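The values are calculated or read from the model by the stated rules, or taken from the named source; none is laboratory data. These figures come from a predicted structure and were not determined experimentally. A quick note on method: Cβ atoms are made from the backbone with ideal geometry, for glycine too, and the neighbour counts reach across all protein chains shown. Keep in mind that these areas ignore ligands, DNA and RNA; they rest on the heavy atoms of the full protein, side chains included. Shrake-Rupley method; radii C 1.70, N 1.55, O 1.52, S 1.80 Å.
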Amino acid sequence: SYLKFAQDKIDPMKEIYELINNCREMDIDVYKPDFRKIYRSFNIDDDNNIYFGFTNIKGVGDSVYNKIETITQELDCDKLSYLEILLNVLDKINQTASKGMISVGCFDHLKVGRREMLFHLSLINDLTKKEKGILTANLDKLNSLKECLEFLGDKVNVRRKQKVLAILHTLNNPPYKLEDSCLWIADQENQLLGISITCSKIDEYSLDNVNSTCRELNSDKCGYKTIILGVEIKDVNIIKTKRGNNPGQEMCFAKISDNTGAVDVVVYPEQYAQYKDVLQPDLPAIFSLEKSKTDSFIVKKIWAL
């Protein structure tokens, strides 16, 4: 219920981020949107799992959701093939919504990379409405986009055949790498959902020296005096000291997070002066912390990743 009403807040994305971190601290999983479970907004499935709805994806509004519902009302979404989803679903809605749904993993069950699927969708967009119609009418005998383009090359006129062959050449020789990285996935989910669900930016790095997690700190289960965390920096609030030997110095309060939750930390002037270039939102880093007598987490060192 809190997640559903987050849309009414001043900053819905920030509210969603805070609520899902609360869920993580309580061992409650929240799942990314799934095309096999078409929900308008946050919902609970038959197994009591919480899922993002389609309109919780930035760029997917009620009109797109209604259209998807209409398109799929007589279809078994579990059994739709990759090509059927590309041509009969994604091609029928606006491109911003299609790209957003792919980028947050709505179709991960198809076992096709997100960047690869975006690439394939861009190639289909270069076809004419008539050409897409030819493919749709023959999907029962086509198993891949390559087969689609080869089949289409024999069905169009000479001028369009050159265009179709050029698209086929691009398919066989992608102009950029199509592999999904943790950095890319986390960035897309942060932008479109408000929080990364599938993975974190820090998953891209070796974390052999890390000895705790945000959840362990919040539940007071960390037994180390020097705490080492692998995190993503979320918020940095810079202030100036009013007391002490040198009032007016800059320090900051920062929020850092990993896959298990988020923690607020304090960076005093000496450390802030040393690490302020690293203390930037959305950057992954290793933090060395110590717990103060007042239960605050004090930053001692930061290593950029």
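Only residues that are of a type outside the set (Phe, Trp, Tyr), closer than 29 Å to Thr70 by Cα and open to solvent by 70 Å² or more (accessible area, probe 1.4 Å): list them for segment 16-38, please.
Arg36
If you check every pair at least six apart or on different chains, which have Cβ atoms under 6 Å apart with a residue in segment 121-145 that is outside any helix (DSSP H, G or I) first and a residue that is open to solvent by less than 40 Å² (accessible area, probe 1.4 Å) second?
If the second residue must be open to solvent by less than 40 Å² (accessible area, probe 1.4 Å), the pairs left are Asp126/Ile167; Leu142/Cys148.
Here are Ser1, Ser63, Ser41: which of them is open to solvent by 50 Å² or more (accessible area, probe 1.4 Å) and more than 30 Å from Leu127 (Cα to Cα)?
After ruling out the rest, the residue left standing is Ser1.
Which of the residues belonging to segment 192-230 are of a type outside the set (Val, Ile, Thr), in a loop (DSSP other than H, G, I, E, B) and open to solvent by less than 20 Å² (accessible area, probe 1.4 Å)?
Gly194, Ser196, Cys199, Ser200, Ser212
Check segment 160-181 and report whether any residue there is open to solvent by 40 Å² or more (accessible area, probe 1.4 Å), farther than 28 Å from Gly100 by Cβ and either part of a loop (DSSP other than H, G, I, E, B) or touching a Pro at 6+ places or on another chain (Cβ under 7 Å) (or both).
For segment 160-181, residues open to solvent by 40 Å² or more (accessible area, probe 1.4 Å), farther than 28 Å from Gly100 by Cβ and either part of a loop (DSSP other than H, G, I, E, B) or touching a Pro at 6+ places or on another chain (Cβ under 7 Å) (or both): absent.
Which of the residues spanning segment 259-285 are closer than 29 Å to Val30 by Cβ, at pLDDT 90 or above, surrounded by fewer than 19 Cβ atoms within 10 Å (Cβ to Cβ) and not polar (S, T, N, Q)?
Correct list: Asp264, Val266, Pro281, Leu283.
Among the helices (runs of 4 or more DSSP H) confined wholly to segment 1-105, which include 2 or more residues that are in contact (Cβ under 8 Å) with a residue 40 or more places away in the chain and either farther than 30 Å from Leu139 by Cα or over 21 Å from the mean Cα position of the chain (by Cα) (or both)?
In segment 1-105, 12-25 are the helices (runs of 4 or more DSSP H) which contain 2 or more residues that are in contact (Cβ under 8 Å) with a residue 40 or more places away in the chain and either farther than 30 Å from Leu139 by Cα or over 21 Å from the mean Cα position of the chain (by Cα) (or both).
Matching residues to (1) in contact with a Cys (Cβ under 6 Å, 6 or more places away or on another chain); (2) of a type in the set (D, E, K, R); (3) free of Cβ contacts under 8 Å to residues at least 60 places away in the same chain:
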| site | (1), (2), (3) |
| --- | --- |
| Cys182 | yes, no, yes |
| Glu204 | yes, yes, no |
| Arg215 | no, yes, no |
| Gly223 | no, no, yes |
| Asp235 | no, yes, yes |
